[in-house]
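One structure is given below, encoded as structure tokens.
The values are calculated or read from the model by the stated rules, or taken from the named source; none is laboratory data. Keep in mind the model is a prediction, meaning the values are calculated, not measured. Neighbour counts run over all protein chains shown; Cβ positions are idealised from the backbone, glycine included. Remember, those area values only see protein heavy atoms, side chains included, never the ligands or the DNA or RNA. Shrake-Rupley method; radii C 1.70, N 1.55, O 1.52, S 1.80 Å.
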Amino acid sequence: MLIMAGSSCRVLGVKVARELDTRLGDIDSKRFPDGELYVRIGEEVSGQAVALLQSMYLSPNDFLIEYLLAADALRDLGARSILGIIPYFAYARQDRRFKPGEAISCRTVADLLRLVGTSEIYTVDAHLHRIRGLSEIFKIPTRELTVVPLLSTYIRENFRLERPIVVGPDEESEQWARVTAEILGCDYDVFEKRRLGPREVEVTPRRSNVSGRDIVVIDDIISTGGTIVETLGVLKKLGVQKVVVACVHPLLVEQALARIYEAGAYAVVGTDTVMGPASVVSVAPVIADALRTK
Ligand code: R5P
């Protein structure tokens, strides 16, 4: 299989290709002065099965258009199949109409990916809160990968935690908190979260016997950091010691990382589904394994 990567994922693409003992295929993408994107496939792809990596963070619209241009060109140039690997799948949160008239963006993006010839989609810990799986949105086969075991193993091996407890900041994070607790060999607790606005949330702990203990807070996404800052505030009031904050997709917009450290985090660790200052664990082995066992 030929591995190719859009501009959001070049480093990850190289790592995946290395894991598979192959090289990254050539795609040239640039921006015209007026903001339009240019994409050129610099490879012979006719008859080839191609895996195209593109994560949709921080400039999700640009990365989406770049993916669409690349996939359509690959199809046009005769690629046998196109497996879209989208480590961070943007627009997943708008999976229904919350207010009358809203676009169901998740479905629109899924349809666009299919319409340009994507034959299958892999994502990593996609934000699936109200739906059971991506197959409810996509009309092509999907596979959901998880990097939470690798992230949790990294925490176990790199931090000396005293009587740790894992905390998920909201009900949906239970799935990740459970896995992390298993790997750390400890208990977990899940808080209740009420969203007050795009940046404000209120979290309520369900139990309070965390005093004097080290904590790992785990969530799928850190965006503005509102959820984590609020969670840290509650934990500190309960008298916890060290708090390691972990997430799969460290979007960390609007000075979120600084705010989280200011709120008392001991460390913030995330993965390279989103490249940035907290992306310390690579999802490359997970993607490579999935391609090997395809
Ligand atoms: C939402 O339910 C997600 O799991 C995250 O908790 C949320 O996206 C985090 O956003 P923020 O960092 O802006 O609070």
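Within the group Thr293, Thr224, which residue is more than 10 Å from the ligand (Cβ to nearest atom) and open to solvent by 20 Å² or more (accessible area, probe 1.4 Å)? Step through it out loud before you land on a result.
Values: Thr224 fails: more than 10 Å from the ligand (Cβ to nearest atom).
Among Thr293, Thr224, only Thr293 is more than 10 Å from the ligand (Cβ to nearest atom) and open to solvent by 20 Å² or more (accessible area, probe 1.4 Å).
Which of the following residues is open to solvent by 40 Å² or more (accessible area, probe 1.4 Å) and in contact with a Cys (Cβ under 9 Å, 6 or more places away or on another chain): Arg163, Arg199?
Details: Arg199 fails: in contact with a Cys (Cβ under 9 Å, 6 or more places away or on another chain).
Arg163 is the lone residue from the list that is open to solvent by 40 Å² or more (accessible area, probe 1.4 Å) and in contact with a Cys (Cβ under 9 Å, 6 or more places away or on another chain).
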Of the residues in region 27-43, those that are free of Cβ contacts under 8 Å to residues at least 12 places away in the same chain and within 17 Å of Ala17 (Cβ to Cβ) come to none
Of the listed residues (Ala126, Ala177), the one being buried (at least 20 other Cβ atoms within 10 Å of the Cβ), under 30 Å from Tyr67 (Cβ atoms) and within 15 Å of the ligand (Cβ to nearest atom) is Ala126
Quickly run through region 253-290 and pick out the residues that are surrounded by fewer than 22 Cβ atoms within 10 Å (Cβ to Cβ), part of a loop (DSSP other than H, G, I, E, B) and among the hydroxyl-bearing types (Ser, Thr, Tyr). Tyr266, Ser282
Listed residues Arg199, Arg206; which is within 12 Å of the ligand (Cβ to nearest atom) and over 23 Å from Glu157 (Cβ atoms)? Arg199
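Any idea which of Asp170, Asp187 is in the same structural domain as Val234 (by TED's automatic domain parsing) and more than 22 Å from Tyr88 (Cβ to Cβ)?
When all the criteria are applied, what remains is Asp187.
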For region 231-252, what are the residues that are open to solvent by 40 Å² or more (accessible area, probe 1.4 Å) and in contact (Cβ under 8 Å) with a residue 40 or more places away in the chain? Gln241, Lys242
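Go through region 227-247 residue by residue and tally those that are aliphatic (A, V, I, L, M) and within 15 Å of the ligand (Cβ to nearest atom).
Residues in region 227-247 being aliphatic (A, V, I, L, M) and within 15 Å of the ligand (Cβ to nearest atom): 6 in total.
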Restricting attention to region 54-100, which residues are within 16 Å of the ligand (Cβ to nearest atom), among the hydrophobic types (A, V, I, L, M, F, W, C) and closer than 15 Å to Cys9 by Cα? Met56, Leu58, Phe89, Ala90
Could you grab me the full set of residues in region 106-120 that are modelled with pLDDT of 95 or more, open to solvent by less than 40 Å² (accessible area, probe 1.4 Å) and of a type outside the set (Asp, Glu)? Val109, Ala110, Leu113, Val116, Gly117, Thr118
Arg207 vs. criteria modelled with pLDDT under 95, in contact with a strand residue (DSSP E or B) (Cβ under 9 Å, 6 or more places away or on another chain), of a type outside the set (Asp, Glu) and outside any strand (DSSP E or B): yes
